[in-house]
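Read the structure below first, then the notes.
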Amino acid sequence: LRRARLEGSGAGAAYSQVSLVEGVELLRFEYGLDNDGDGQIDEIEATPIDAQWGDVVMVRIYLVVRNLEPSPGYTDDRAYPNIAGAAYVVPNDVKGHRRQLYTRTVGLRNVAGRREQQ
């Protein structure tokens, strides 16, 4: 997980990548949509379009983290077939690292209140 940082000023300014959290290999989201206003999830989308953001009532977070150092003799050949609707393949150069997939589902509050004001 990285961000860009602007270093220097004027003509010599350049961006560099800075790690926010070491070991985070992948971060993806899925969104639960309530299309009919009944408070129940009707559809799950990895990339809602503009008009759907008001219908989001749930966010599912997927996080793949790995050890910073490889484990001697270990090769991660596991398949990650469905992380937020897409497969994830471990890059060959880091298959020697142990990793863990974490998920968390978060319900969003006060959705009905926002809809009543529209």
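The values are calculated or read from the model by the stated rules, or taken from the named source; none is laboratory data. Note that the structure is a prediction, hence the values are computed from the model and not measured. Quick reminder, even Gly has a Cβ in these numbers, built from the backbone with ideal geometry, and neighbours come from all protein chains shown. Each accessible area value is taken on the protein alone, full model and side chains, heavy atoms only, with ligands, DNA and RNA left out. Shrake-Rupley method; radii C 1.70, N 1.55, O 1.52, S 1.80 Å.
Defining a contact as two alpha carbons under 8 Å apart and six or more residues distant in sequence, what relative contact order in percent does the chain show? RCO, the chain: 23 percent. What a 1.4 Å probe finds exposed on the stretch 1-74 is 50% carbon and sulfur by accessible area, rounded to a whole percent. Please identify the chymotrypsin sites (Phe, Trp or Tyr not before Pro) of the stretch 1-77 that satisfy two criteria: DSSP loop assignment and at most 12 other Cβ atoms within 10 Å. Which are they? Here the chymotrypsin sites (Phe, Trp or Tyr not before Pro) that fit, given the DSSP loop and packing criteria, are TYR74.
Accessible-area rank, largest first, for ILE49, ILE61: ILE49, ILE61, with all protein chains present and a 1.4 angstrom probe. Using Cα centres only, tell me the gap between the stretch 17-47 and the stretch 53-76 in whole Å. Cα centroid to Cα centroid, the span is 12 Å.
I'd like the accessible area for GLU7: 1.4 Å probe, protein heavy atoms, all chains in place, Å² to the nearest 10. Surface accessible to solvent at GLU7 totals approximately 80 Å². In a DSSP loop and with at most 12 other Cβ atoms within 10 Å, the trypsin sites (Lys or Arg not before Pro) in the stretch 67-107 are ARG78, ARG98.
Residue by residue, the stretch 95-103 carries 3J(HN,Hα) couplings of 5, x, 9, 6, 9, 9, 9, 10, 10 Hz when phi is fed to the Karplus relation 6.51 cos²θ - 1.76 cosθ + 1.60 (θ = phi - 60°); x denotes Gly or Pro.
Solvent-accessible surface of the chain, taken per residue with a 1.4 Å probe and all protein chains present: 69 Å². Taking 7 Å steps out from each Cα toward its Cβ at SER19 and ASN67 produces label points 1.5 nm apart.
The accessible-area ordering, largest first, of the residues ASP50, ASP36, ASP42 stands as ASP50, ASP36, ASP42, per a 1.4 angstrom probe. Cβ under 12 Å from SER71's Cβ, SER71 left aside: what net charge do those residues give with Lys, Arg +1 and Asp, Glu -1? My count for the surroundings of SER71 gives +2.
Only Lys, Arg, Asp and Glu carry charge here, each on its Cβ (+1 for the first two, -1 for the last two); on that basis the chain has a dipole of about 580 debye about its Cα centre.
When SER71, SER9 are compared by accessible surface with a 1.4 Å probe, the order from highest to lowest is SER9, SER71. Residues in the stretch 18-28 carry Karplus couplings, in order, of 10, 6, 8, 9, 6, x, 7, 9, 7, 9, 9 Hz; the curve used is 6.51 cos²θ - 1.76 cosθ + 1.60 with θ = phi - 60°, and Gly or Pro positions show x. With one equal scatterer per alpha carbon and no solvent term, the Debye-computed log10 I(q)/I(0) for the stretch 49-112 at 0.13, 0.14, 0.15 1/Å reads -0.52, -0.57, -0.62. Distances between placed amide hydrogens fall under 5 Å for ILE83 paired with TYR88, all partners being 5 or more residues away or on another chain. Classified by the C-alpha gyration tensor, the stretch 1-103 has an oblate form. Its axis ratio a/c, with a ≥ b ≥ c, is 1.5 or above, and a/b does not exceed b/c. Put simply, the amide H of ASP42, placed in the peptide plane, has neighbours under 5 Å in LEU33, ASP34, ASN35, leaving out anything fewer than 5 places away on its chain. Per-residue Karplus couplings for the stretch 51-60, computed as 6.51 cos²θ - 1.76 cosθ + 1.60 with θ equal to phi - 60°, are listed in order as 5, 8, 4, x, 9, 6, 10, 8, 10, 10 Hz, Gly and Pro entered as x.
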